[in-house]
Amino acid sequence: MAETRVTFALVCYEHAEFVGEAVASALAQEGPPLDIVISDDASPDGTWAEIEKAVAGYRGPHRVRLNRNRRNLGMDHYNRILDLAEGEIVVIGHGDDVALPQRVRRLVETMEAEGVSLVTSDAHVTDADRRRT
């Protein structure tokens, strides 16, 4: 049986302070190689520069693609992500989310085991100093 192709998409807007950690956590995902799409919705802050810095020199197993919208799409940014995604399964993260290394693998395993088309995951909410609240 062929392995399911998975896209892990980071949806970013004004996340300059956090996006480096979010990108690092996407690149550190365990399991089969992913199609990673990192998309910035025309952030007016330094988000794009931080994304470029975070992926510079990456040589891991995942395929990484960057997108920067020319204008802010708002909620239509998600449609743009789906246009870019090449996987049969799309896992969404955000530019201020730090994913545990097994996040994508476990979500996909659950979808396949349960035969469902949507799975969500819980989060550890932190404050600006990265302490759990």
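The values are calculated or read from the model by the stated rules, or taken from the named source; none is laboratory data. Values in this document were obtained by computation on a predicted structure and should not be read as measured data. Cβ placement follows ideal geometry from the backbone for every residue including glycine, while neighbour counts extend to all protein chains displayed. Please note that ligands, DNA and RNA were not included when accessible areas were found on the heavy atoms of the full protein model with its side chains. Shrake-Rupley method; radii C 1.70, N 1.55, O 1.52, S 1.80 Å.
Points to keep in mind about this one:
- Residues that are crowded, with 18+ Cβ neighbours inside 10 Å, over 13 Å from the mean Cα position of the chain (by Cα) and within 23 Å of ARG130 (Cα to Cα), drawn from region 19-47: SER43, THR47
- Within region 78-124, being over 17 Å from the mean Cα position of the chain (by Cα) and hydrophobic (A, V, I, L, M, F, W, C) holds for MET111, ALA113, VAL116.
- One residue from ALA49, ALA28, ALA42, ALA9 being out of contact with any Pro (no Cβ under 9 Å at 6 or more places or on another chain), at pLDDT 95 or above and within 25 Å of VAL108 (Cβ to Cβ): ALA9
- Restricting attention to region 101-126, the residues that are among the hydroxyl-bearing types (Ser, Thr, Tyr) and under 16 Å from PRO32 (Cβ atoms) add up to 1.
- Residues satisfying the stated conditions in region 57-108, i.e. open to solvent by less than 20 Å² (accessible area, probe 1.4 Å) and touching a Pro at 6+ places or on another chain (Cβ under 8 Å): HIS62
- Tally of residues being over 21 Å from LEU73 (Cα atoms) and not in a strand (DSSP E or B) across region 1-16: 5
- Residues that are assigned to a helix (DSSP H, G or I) and either under 22 Å from GLU17 (Cβ atoms) or over 14 Å from the mean Cα position of the chain (by Cα) (or both) occur at least once in region 60-77.
- Cross-chain or 6+ apart pairs with Cβ under 6 Å, region 98-120 first and in contact (Cβ under 8 Å) with a residue 40 or more places away in the chain, then among the charged types (D, E, K, R) and not in a helix (DSSP H, G or I): PRO101/GLU30; GLN102/GLU30; ARG105/GLU30
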